[in-house]
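The values are calculated or read from the model by the stated rules, or taken from the named source; none is laboratory data. All of these numbers come straight from a predicted model, not from anything done at the bench. Using ideal geometry, Cβ is built from the backbone for each residue, glycine included, and neighbour counts are taken over all protein chains shown. Areas reflect the complete protein model, heavy atoms only, side chains present, ligands, DNA and RNA absent. Shrake-Rupley method; radii C 1.70, N 1.55, O 1.52, S 1.80 Å.
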Amino acid sequence: MRNSPAPSEAAKAQSGESVAAEVHAPFYQVLKTAMLLGHVLLTGPRGTGKSYAVMQLARERGKQVFVCQGHADLTAEDLVGSPGLVNGSSSFIAGPLYNAVKQGAWFVFEEANLARGGIGALLNRVLDVGGTLAVPFTGEEIVVPESFRALLCVNECGYSACRPLAESLKDRLRAIHCDYWDDQHETEVLRRALHGLSGEQIRGMLTVAKGIREARKKGETNFDFSLRSLLQWGADTQFRTKNLMESFESVVIAKLGDPAEVGLQAEPIREIARFVLQHAASDFIPI
Ligand SMILES: Nc1ncnc2c1ncn2[C@@H]1O[C@H](COP(=O)(O)OP(=O)(O)OP(=O)(O)O)[C@@H](O)[C@H]1O
Ligand SMILES: [Mg+2]
């Protein structure tokens, strides 16, 4: 859990550094408008730039962000604050929700669907129009300021630790689905991040990613080909001067774990990569 503004983001906001040259996610404009109007729920596959977009927008608006990572053992005290020792005397250690409410800042709750139901009840009260945050340790009942915003991020996940968000909590949020990016946006991010790769190599990588994402939709694999994985694959190719298939093995296939145990997962995605890189792109990609 990070209970302080991200320093680099805050520093950039203070220095007035321009963010105009950055690539924005396809859902960025929708997010911008939604954040003016109220609290937001970002859903979608893993690694589609949800957290990045929130930090970009916070920087653009000069807002402080307090981040909390959801997990099964997260308590209301973790969010609000708890008693602790400061210089040997008993004191209140503020949590990220307390800090965000108190400062009229943004509260970002990553993987909110890993937390238990009680957390939802706490948030409901904060997110209501004219909401309040009760702080048992200090006895405060803070009226939530207009400028406070909550952003909940939720990944599509099939494992049992995920719980559906309570309908009452969802009802207080504007939901934005953050899907895989279109070709134009994804190409632009890869192009800027991976100067050492040719346009053809980037096109080949995107074709592989799209093929694997399609296969996942059809249930042929569970592998979730994120933008993050694409950037790692490209960086490995660029900095270790490998060919795309070698770095695919060491970055993408390695994510699946022990090859003996994950043969069923590894083979379909390896097959797609081989096919694309050898056939579709054989004229221009050295493999
Ligand atoms: N607009 C962008 N410009 C450059 N890089 C980006 C951009 N958006 C996302 N990325 C990169 O893509 C990767 C995934 O982004 P991010 O962590 O924001 O995704 P996420 O949807 O929050 O992931 P998760 O679902 O795992 O929390 C990161 O490496 C991030 O730096
Ligand atoms: Mg994230």
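Cβ separations smaller than 7 Å between residues 6+ apart or across chains give the following pairs from region 217-234 residues that are closer than 18 Å to Arg191 by Cβ and modelled with pLDDT of 85 or more to residues that are within 11 Å of ligand 1 (Cβ to nearest atom) and acidic (Asp, Glu): Leu227/Glu186. Residues of region 71-80 being closer than 21 Å to Asp128 by Cα and either touching a helix residue (DSSP H, G or I) at 6+ places or on another chain (Cβ under 6 Å) or within 16 Å of ligand 1 (Cβ to nearest atom) (or both), which ones? Result: Ala76, Leu79, Val80. Kindly indicate the residue of region 19-58 that is open to solvent by 30 Å² or more (accessible area, probe 1.4 Å) and either modelled with pLDDT under 95 or among the β-branched types (Val, Ile, Thr) (or both) and also farthest from ligand 1 (Cβ to nearest atom) among those meeting that condition. Among them, the one singled out is Thr33. Can you say whether Glu246 is open to solvent by 80 Å² or more (accessible area, probe 1.4 Å), assigned to a loop (DSSP other than H, G, I, E, B), within 23 Å of Glu267 (Cβ to Cβ) and more than 16 Å from ligand 1 (Cβ to nearest atom), as far as the supplied structure shows? Against the criterion (open to solvent by 80 Å² or more (accessible area, probe 1.4 Å), assigned to a loop (DSSP other than H, G, I, E, B), within 23 Å of Glu267 (Cβ to Cβ) and more than 16 Å from ligand 1 (Cβ to nearest atom)), Glu246 does not qualify. In the set (1) open to solvent by 10 Å² or more (accessible area, probe 1.4 Å); (2) under 29 Å from the mean Cα position of the chain (by Cα), Glu140 fails one condition alone, (2). In region 63-81, the residues that are over 16 Å from Leu123 (Cβ atoms) reach residues that are assigned to a strand (DSSP E or B) with C-beta atoms within less than 6 angstrom, at least six apart or across chains, in these pairs: Lys63/Trp106; Val65/Trp106; Val65/Val108.
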